[in-house]
Amino acid sequence: MRAIVLGVGNPILSDDGVGIHVARELGAKGLPGVTVEELPAGGLELLDLVLDHDIAVIVDAIQTTGGTPGHIHELEEKDFERAVHGSSPHGINIATALALGRRIVPERMPHTVKYIAIEAADLVNVGEKLTPQVQEALPRAVALVEAILGLSRS
Amino acid sequence: MITVAGPIINDTTVKTKERKISIDPITRLEGHGKIEIFLNDAGDVADAYLQVPELRGFERFCIGRHVMELPVLTNRLCGVCPAAHHLASTKALDAVFNAEPPPTAKKLRELFYMGQYTHSHIAHFYALAAPDFVLGPSAPANKRNVLGVVDAVGVPIGAEVIKHRSYGQKVQEIVGGRATHPVFGLPGGVSKQISEEERAQMEEMAKSCVEFGKFTVKLFHDVVLANKDYLGLILNQDAYYLETYYMGMVDKNNKSNFYDGDIRVVDQTGKEFVRFKPSQYLDIISEHVEPWTYMKMPFLKKVGWKGFVTGPSSGIYRVGPLGRINVCTGYTTPLAQAEYDAFKKTMKDLGVTGPVHHTLAFHWARVIELQHAAERMLELASDKTITSADIRGKFNPPKEGVGIVEAPRGTLIHHYASDKDGICTKINMIVATTNNYAAINTSVKQAAKALIKGGMVSPGLLNKVEMAFRCYDPCNSCGTHALNGGPALEVTVKRKDGSVVEKQRNF
């Protein structure tokens, strides 16, 4: 199985970087058969990276109405169907990029795409540290990705 | 001739009783990043504003760090054009350390940058601009996107788009070390030599990109310019026309240059207003502050800030593809020059001499620049001397310096000061979209005033207001890319008292 984990975010923008933090922890583990990449944004770059993998796990920050910082949402491609059809001021979103890939190069697309979205507290202030509740969620997010890839030890 | 099924130019308008229309780029920053349009009692536009989000504390974050870290830190500022930040920062370090890069290093930086332009302009034209021009500005929002474009032009063309955008990324990866967050820029040079094998690989990709540039130019002619409705939109002086100053980088012959040169400013008639070196920018540009937005509005110091008005007495200027094409006399590469000549001739035949003030001509200029970037990429990748090991110059004790490049979106300025140990003591950046901010505001207000009359609105009409803003390829939310923060827009029509009449979303 060819697996890729994509940590999406900005590592100098507080909790926006949580996906990058997860990716770095996973990368340091040297998981067999798993490619780990850091990505600053969604869009077409993401499409380039997921091609020719069987499974892709996208780890990113999220803010939902009334969400608790540190809460981990497990989402799938279908959860973003409503987000697919958007034209935008400066880029296309992850869901649109994946839909584009499924249209143009379906045979090279992963059969499974999972999202691990970690509820963020601060996405405004420049800084390299996560807020405490998001920091606390980090090991759980890492373990969850490993479980999805069938690599957990337990 | 490339043809597409009849695009939808207009839709049915309905009368709104609302007095305030908001177009919201949805971000997690509540109350930030939106266009607000205020209607008067007659339902005509009284005023319009674009508010954008800004990150907090970046300057403070950089001060006290070693200046050598800045090319890697500043490129994290933005997920859309990290390559431009990396190069502007690297050039600022050239100046801080008074370090002249050897010819090979300059060529590698420029080659890398042509990869960035190729990828960025392809993404904007096909994913962001084409939905309006292929499907039509009034096509339903759920069709007016890149997937709809692929449906209209066909999967093989979509595959070519993806392929060539990836080539641009690949060139950046080979030269810059990483595709998205490059690490190769050093004061006085670059850190990585390239092999002959890599050079040959880039030459092949560049050849293909030149062909794709030709295809894109043809597509623009066949689909956009040959359609009289689109030509009418581009030429619509009520909605999309501002007589401003223009700014952009040129070489010694006034040919457009994205990587290096002097900054040239022309006036509304095309006459040179000022030509300056990066280190002089503070003599030329001042920044105006408005109470309703975080973003500052740069203007020409000698002319002064006169508000959101145009003409010779207003210091507002425009940058980006339209700014660059208006300050230059053409391009150093043959295909781009030929298309520049076609652009000038077409406009002349339509009675336009001097600068092209038509805001939607940004798109045409961007397509010409894509052609130039691909041709220049091929020139540089075909140069067998770029594999030389002579990639670092000498440097001196650090002081202060300014670096400027043309980001795909416009002139990008980095200015740092360092103490004797290389610790950053001062940093100032003026990014491309900031340079355009006053003009974008003015364009949005103009389009809204021209298009919304008597309270009559429709999704297509509001999208035509957005088109006045989208053509600048603005990149407002530097840095944040959380899942829910995806680029989307919401348009809300409100009454004078703020209550909502109608909402349109594209997400």
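The values are calculated or read from the model by the stated rules, or taken from the named source; none is laboratory data. Predicted model only: the values in this text are computed from it and were never measured. Here the Cβ is made from the backbone with ideal geometry for all residues, glycine too, and neighbour counts use every protein chain on show.
Output yes when any residue across the range A:36-54 is more than 23 Å from A:VAL142 (Cβ to Cβ) and away from chain B (no Cβ under 11 Å), and no when none is.
Yes; the residues of the range A:36-54 include at least one that is more than 23 Å from A:VAL142 (Cβ to Cβ) and away from chain B (no Cβ under 11 Å).
Confirm whether B:ILE430 is in the same structural domain as B:ASP341 (by TED's automatic domain parsing) and either within 25 Å of B:GLY176 (Cβ to Cβ) or of a type in the set (A, V, I, L, M) (or both).
Against the criterion (in the same structural domain as B:ASP341 (by TED's automatic domain parsing) and either within 25 Å of B:GLY176 (Cβ to Cβ) or of a type in the set (A, V, I, L, M) (or both)), B:ILE430 qualifies.
Condition (residue is surrounded by fewer than 22 Cβ atoms within 10 Å (Cβ to Cβ), in a loop (DSSP other than H, G, I, E, B) and facing chain B (nearest Cβ under 10 Å)) applied to the range A:65-76: is it met by at least one residue?
Taking every residue of the range A:65-76 in turn, at least one turns out to be surrounded by fewer than 22 Cβ atoms within 10 Å (Cβ to Cβ), in a loop (DSSP other than H, G, I, E, B) and facing chain B (nearest Cβ under 10 Å).
Residue-by-condition table, conditions (1) under 16 Å from B:VAL431 (Cα atoms); (2) surrounded by fewer than 22 Cβ atoms within 10 Å (Cβ to Cβ):
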residue: B:VAL224; (1), (2): no, no
residue: B:LYS228; (1), (2): no, yes
residue: B:ASP238; (1), (2): no, yes
residue: B:MET247; (1), (2): yes, no
residue: B:ASN253; (1), (2): no, yes
residue: B:GLU287; (1), (2): yes, yes
residue: B:LYS296; (1), (2): yes, yes
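Each row is one residue, and each column tells you yes or no for (1) closer than 13 Å to B:ALA373 by Cα; (2) within 14 Å of another protein chain (Cβ to nearest Cβ); (3) under 22 Å from the mean Cα position of the chain (by Cα); (4) at pLDDT 95 or above.
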{"site": "B:ILE162", "(1), (2), (3), (4)": "no, yes, yes, no"}
{"site": "B:HIS181", "(1), (2), (3), (4)": "no, yes, yes, no"}
{"site": "B:SER195", "(1), (2), (3), (4)": "no, no, no, yes"}
{"site": "B:PHE220", "(1), (2), (3), (4)": "no, no, yes, yes"}
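Just one of the numbered conditions (1) within 26 Å of B:HIS372 (Cβ to Cβ); (2) within 13 Å of chain A (Cβ to nearest Cβ) is not true of B:LEU111; which one?
(2)
Given the options A:ALA143, A:ALA117, name the one that is more than 10 Å from chain B (Cβ to nearest Cβ) and of a type in the set (Gly, Ala, Ser).
Just one listed residue meets the conditions, A:ALA143.
Right, B:LEU242: more than 30 Å from B:ALA105 (Cβ to Cβ) and assigned by TED's automatic domain parsing to the domain that holds B:ILE316 or not?
Yes.
Residue-wise test of (1) of a type in the set (Lys, Arg); (2) part of a loop (DSSP other than H, G, I, E, B).
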{"position": "A:MET1", "(1), (2)": "no, yes"}
{"position": "A:LEU6", "(1), (2)": "no, no"}
{"position": "A:ASN10", "(1), (2)": "no, yes"}
{"position": "A:GLY17", "(1), (2)": "no, no"}
{"position": "A:ILE20", "(1), (2)": "no, no"}
{"position": "A:ARG24", "(1), (2)": "yes, no"}
{"position": "A:GLY27", "(1), (2)": "no, no"}
{"position": "A:PRO32", "(1), (2)": "no, yes"}
{"position": "A:GLU37", "(1), (2)": "no, no"}
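Kindly indicate whether any position in the range A:126-138 is hydrophobic (A, V, I, L, M, F, W, C) and at the interface with chain B (Cβ under 10 Å from one of its Cβ atoms).
Among the residues of the range A:126-138, at least one is hydrophobic (A, V, I, L, M, F, W, C) and at the interface with chain B (Cβ under 10 Å from one of its Cβ atoms), which makes the answer yes.
Looking at the structure I just gave you, is A:ARG103 at pLDDT 90 or above and closer than 30 Å to B:LEU462 by Cβ?
Taking the combined requirement at face value, the residue satisfies it.
State all residues of the range B:86-120 that are at pLDDT below 95 and touching a Leu at 6+ places or on another chain (Cβ under 6 Å); if no residue qualifies, say none.
Listed by number, the list is empty, since nothing qualifies.
Residues are listed down the side, and each one gets a yes or a no for (1) within 25 Å of the chain's Cα centre (by Cα); (2) of a type outside the set (A, V, I, L, M, F, W, C); (3) in a helix (DSSP H, G or I); (4) within 13 Å of chain A (Cβ to nearest Cβ):
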| position | (1), (2), (3), (4) |
| --- | --- |
| B:LYS107 | yes, yes, yes, no |
| B:SER120 | yes, yes, yes, yes |
| B:PHE133 | yes, no, yes, yes |
| B:ARG144 | yes, yes, no, yes |
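Being crowded, with 19+ Cβ neighbours inside 10 Å, out of contact with any His (no Cβ under 6 Å at 6 or more places or on another chain) and part of a helix (DSSP H, G or I) narrows it down to one of A:VAL113, A:VAL134, so name that one.
Step by step, each of A:VAL113, A:VAL134 is checked, and only A:VAL134 is crowded, with 19+ Cβ neighbours inside 10 Å, out of contact with any His (no Cβ under 6 Å at 6 or more places or on another chain) and part of a helix (DSSP H, G or I).
Could you list, in sequence order, the residues of the range B:59-79 that are in a helix (DSSP H, G or I) and at pLDDT 80 or above?
B:ARG60, B:PHE61, B:CYS62, B:VAL67, B:MET68, B:GLU69, B:LEU70, B:PRO71, B:VAL72, B:LEU73, B:THR74, listed by residue number.
For the range B:146-160: of the residues being more than 7 Å from chain A (Cβ to nearest Cβ) and within 23 Å of the chain's Cα centre (by Cα), which is modelled with the lowest pLDDT?
B:VAL149
With the structure loaded, tell me whether B:ASP262 is of a type outside the set (S, T, N, Q), assigned by TED's automatic domain parsing to the domain that holds B:ASP94 and surrounded by fewer than 16 Cβ atoms within 10 Å (Cβ to Cβ) or whether it fails that test.
Spelling it out, it is not the case that B:ASP262 is of a type outside the set (S, T, N, Q), assigned by TED's automatic domain parsing to the domain that holds B:ASP94 and surrounded by fewer than 16 Cβ atoms within 10 Å (Cβ to Cβ).
With the condition being acidic (Asp, Glu) and under 19 Å from B:ASN436 (Cα atoms), I'd like the helices (runs of 4 or more DSSP H) fully within the range B:311-386 carrying at least 1 qualifying residues.
Ranges flagged: B:361-381.
If a residue has to be surrounded by fewer than 20 Cβ atoms within 10 Å (Cβ to Cβ) and more than 25 Å from the chain's Cα centre (by Cα) to count, how many in the range B:197-218 make the cut?
6
What are the residue pairs meeting all of these: first residue in the range A:1-24, first residue within 12 Å of chain B (Cβ to nearest Cβ), second residue of a type in the set (Phe, Trp, Tyr), Cβ atoms under 7 Å, and 6 or more apart or on different chains?
That search, which allows pairs on different chains as well, returns A:ILE12/B:PHE61.
Evaluate the range A:54-62: report whether one residue or more is modelled with pLDDT of 95 or more and outside any strand (DSSP E or B).
yes
If B:THR434 satisfies all but one of (1) modelled with pLDDT of 95 or more; (2) outside any loop (DSSP other than H, G, I, E, B), what's the number of the condition it fails?
Answer for B:THR434: the failing condition is (1).
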